[in-house]
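Notes follow the structure.
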Amino acid sequence: DDALHFGDGGMEDAEDADIIVHEYGHALQYDQLPYWGEGEMEALGEGFGDYLAASRFAGVGSDPACIAEWDSISYAPGPPYCLRRVDRDRHYPDDMTGDPHIDGEIWSRALWDLRAALGARIADTLALESHFYLPSATSLADAARALFDADANVYDNAHLATMGEILVARGLLT
């Protein structure tokens, strides 16, 4: 409905900047891909939203890989309080659970590793641009291949080796 929606989580979700940016990430994807939702797209969306929030606020706070510290303070064990993390050691397809939030940690970790290797600007650009190359009913492996299409289009294949190493390490490519 072209609106951002926030739940009430542990605290009011709209009071946590990570949640706001995460939800905005969903809006970006829905705008880029009107056929959003089939296959593993929900996991892709959750992972991208988490990555976008972590990337946006990486220079703020003591734990940049922790998402939604404020929102999760009333229900997460801690400190530190985290709704999710973008640095968990999850692999595709072995660690897929069917829960898009948990499965999304595979994608957010891959993007987080790209950010560490290539820098925020390049990783953010590749993540956003790759959405334009996703087929309907996308898998996380399709999303990994779309990063290569984005790199070819924007950076003339400048990051193939680095991206390949990271995506293989996450199980997204063989």
**Message:** Could you identify which residue out of Asp63, Asp94, Asp142 has the top mean-square fluctuation in a GNM of the chain using Cα springs shorter than 10 Å?
**Reply:** Asp94
**Asked** Packing-wise, with mean Cβ within 10 Å as the measure, how do 65-71, 160-166, 43-49 rank, highest first?
**Response** 43-49, 65-71, 160-166
**Prompt:** Between Rg and the Kirkwood Rh of the stretch 36-107, both from Cα atoms, what is the Rg to Rh ratio?
**Reply:** 0.99
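Would you calculate the volume per residue, in Å³, of the smallest convex hull containing every Cα atom of the stretch 17-174? Walk me through the numbers before you get to the answer.
On the way: hull volume 16.2 nm³, N = 158.
Per-residue hull volume (Cα only) is 102 Å³.
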**Request:** At 7 Å along the Cα-to-beta-carbon direction for both Asp95 and Asp31, put a label point, then send me their distance in nm to one decimal.
**Result:** 3.1
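Since every read-out is calculated from the coordinates, none of them should be taken as a lab result. As the structure is a prediction and not an experimental result, all values here were calculated from the model. A quick note on method: Cβ atoms are made from the backbone with ideal geometry, for glycine too, and the neighbour counts reach across all protein chains shown.
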